[in-house]
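Asks: Below are the structure tokens for one structure; questions will follow.
The values are calculated or read from the model by the stated rules, or taken from the named source; none is laboratory data. This is a predicted model, so every value here is computed, not measured. With ideal geometry, Cβ positions are generated from the backbone for all residues, glycine too; neighbour counts draw on all protein chains shown.
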Amino acid sequence: MHGIGNDFMLLDLISQDIRLNEDQIRMLADRRLGIGFDQLLIAEPPASPTADFRFRIYNTDGSEAAQCGNGARCLTRFVRDRGLTTKTQIILEAKNGNIECKLERDGNITVNMGPARLEPEHIPFLADHSQISYDVEVMSPLNQCGEPERVCLSAVNIGNPHAVLVVDDVADAPVNRLGPILESHKRFPDRANVNFMQILSRSEIALRVYERGVGETLACGSGACASVVAGRLRGLLDEQVCVSLPGGKLDIKWAGSDADIYMIGSACRVYEGRLHI
């Protein structure tokens, strides 16, 4: 399945019992030797009686992620298509808390991504106190003897840690140069997703994302939410924003402060098959 180009392999572990290790996940994620995907999504029985399904997310390097907005929409479509539920509103039990998903009449899916976390200790991000933006020193691996570059970014947690940079034009943004450096920067102890945001108007942005454990991806739902939060906090954006990513568009709504963030977008099935492990 894919959510505006962010592609996933999905497994139903409600009706079958399978366990995959990190090596198997990395092999399956390989686009030449395996199936190929940005992330592996798994539906399991929930541990909590308040949830409908447990939602587990694995990156292409085998590491487990805590949040994936595009994946939450795809898993909602998946469990409906598999006949695992007849509900139009379901609760997914993710690593960092429950996610509410609603299947809309037009076929799109709305995901309540919860509130943004901005306190450094909750991102996590190493800083003395919370700020709207931070100056971070980065050193290119090819220029260890030169002066460090200073990058201005916002740090936001939307289930996963995110760095958000405002750029003049996403087409020539330094995604492949700064993305891997900031992903593993020492000020992000759990690594980070790195978002490069171009402000098109107060109601629209263009975005490219270097995703933690994946690399540049066609779309990132939590990255779209984090970028809108960062833009709103800087006074650059309105409450409802259309986010244009390389794979398509998402609508993000955030009233600010402690309000929940809502993401609306599509979820598409590509194919279904059987895998022998």
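Asks: Take Cys152 and tell me if it is within 21 Å of Phe55 (Cα to Cα), touching a Ser or Thr at 6+ places or on another chain (Cβ under 6 Å) and either in a strand (DSSP E or B) or not assigned by TED's automatic domain parsing to the domain that holds Gly221 (or both).
Replies: Here the answer is no, as Cys152 does not meet what is asked.
Asks: Does Pro124 fit the bill of being more than 18 Å from Cys268 (Cα to Cα), over 15 Å from the mean Cα position of the chain (by Cα) and exposed (fewer than 13 other Cβ atoms within 10 Å of the Cβ)?
Replies: no
Asks: Those residues that are within 9 Å of the chain's Cα centre (by Cα) and either of a type outside the set (S, T, N, Q) or more than 22 Å from Tyr58 (Cα to Cα) (or both), I need them from region 213-225; list them, please.
Replies: The answer is Ala219, Cys220, Gly221, Gly223, Ala224, Cys225.
Asks: Answer with yes or no whether Val156 is among the aliphatic types (A, V, I, L, M), over 29 Å from Asp258 (Cβ atoms) and in contact (Cβ under 8 Å) with a residue 40 or more places away in the chain.
Replies: No; evaluated as a whole, the condition is false for this residue.
Asks: Now, a different point. Would you pick out the residues in region 54-67 that are crowded, with 21+ Cβ neighbours inside 10 Å and modelled with pLDDT under 90?
Replies: Selection gives Ala65, Gln67.
Asks: Let me ask something else about it. I want to confirm something. Restricting to region 18-67 and keeping residues that are in a helix (DSSP H, G or I) and of a type in the set (Asp, Glu), which single residue is nearest to Arg212 (Cα to Cα)?
Replies: Glu22
Asks: Right, another one. Would you be able to tell me the number of residues in region 4-33 that are among the small types (Gly, Ala, Ser) and at pLDDT 95 or above?
Replies: Adding up the residues that qualify gives 1.
Asks: Any chance you could count how many residues in region 216-236 are of a type outside the set (Lys, Arg), without any contact (Cβ under 8 Å) to a residue 60 or more places away in the chain and surrounded by fewer than 24 Cβ atoms within 10 Å (Cβ to Cβ)?
Replies: 2
Asks: While we're looking at this one, here's another question. With the condition kept exactly as written, say whether any residue in region 71-94 is at pLDDT below 95, touching a helix residue (DSSP H, G or I) at 6+ places or on another chain (Cβ under 7 Å) and not in a loop (DSSP other than H, G, I, E, B).
Replies: Looking for residues that are at pLDDT below 95, touching a helix residue (DSSP H, G or I) at 6+ places or on another chain (Cβ under 7 Å) and not in a loop (DSSP other than H, G, I, E, B), one finds none in region 71-94, hence no.
Asks: Right, another one. Being outside any loop (DSSP other than H, G, I, E, B) and not charged (D, E, K, R) is the filter here, so list the residues in region 95-113 that pass it.
Replies: Gly97, Asn98, Ile99, Cys101, Leu103, Ile109, Thr110, Val111, Asn112, Met113
Asks: Are any residues in region 220-249 in a helix (DSSP H, G or I) and closer than 23 Å to His2 by Cβ, and if so, which ones?
Replies: Scanning region 220-249 gives Gly221, Ser222, Gly223, Ala224, Cys225, Ala226, Ser227, Val228.
Asks: Hey, another quick one. Check region 250-261 and report whether any residue there is of a type in the set (Asp, Glu), in contact (Cβ under 8 Å) with a residue 60 or more places away in the chain and either more than 18 Å from Gly5 (Cβ to Cβ) or in contact with a Pro (Cβ under 7 Å, 6 or more places away or on another chain) (or both).
Replies: Yes, region 250-261 contains at least one residue that is of a type in the set (Asp, Glu), in contact (Cβ under 8 Å) with a residue 60 or more places away in the chain and either more than 18 Å from Gly5 (Cβ to Cβ) or in contact with a Pro (Cβ under 7 Å, 6 or more places away or on another chain) (or both).
Asks: If you check Leu245, Leu237, which single one turns out to be within 24 Å of Phe188 (Cβ to Cβ), at pLDDT 95 or above and touching a Lys or Arg at 6+ places or on another chain (Cβ under 6 Å)?
Replies: Unique residue meeting the criteria: Leu237.
Asks: Being closer than 29 Å to Ala173 by Cα, surrounded by fewer than 16 Cβ atoms within 10 Å (Cβ to Cβ), in contact (Cβ under 8 Å) with a residue 40 or more places away in the chain and more than 21 Å from the chain's Cα centre (by Cα) is the requirement here; does Ser130 meet it?
Replies: No.
Asks: Taking the condition of being surrounded by fewer than 24 Cβ atoms within 10 Å (Cβ to Cβ) and assigned to a loop (DSSP other than H, G, I, E, B), how many residues in region 174-211 meet it?
Replies: Total satisfying the criteria: 11.
Asks: If I go through region 28-40 residue by residue, how many of them are aliphatic (A, V, I, L, M) and either more than 16 Å from Asp12 (Cβ to Cβ) or surrounded by 23 or more Cβ atoms within 10 Å (Cβ to Cβ) (or both)?
Replies: 3
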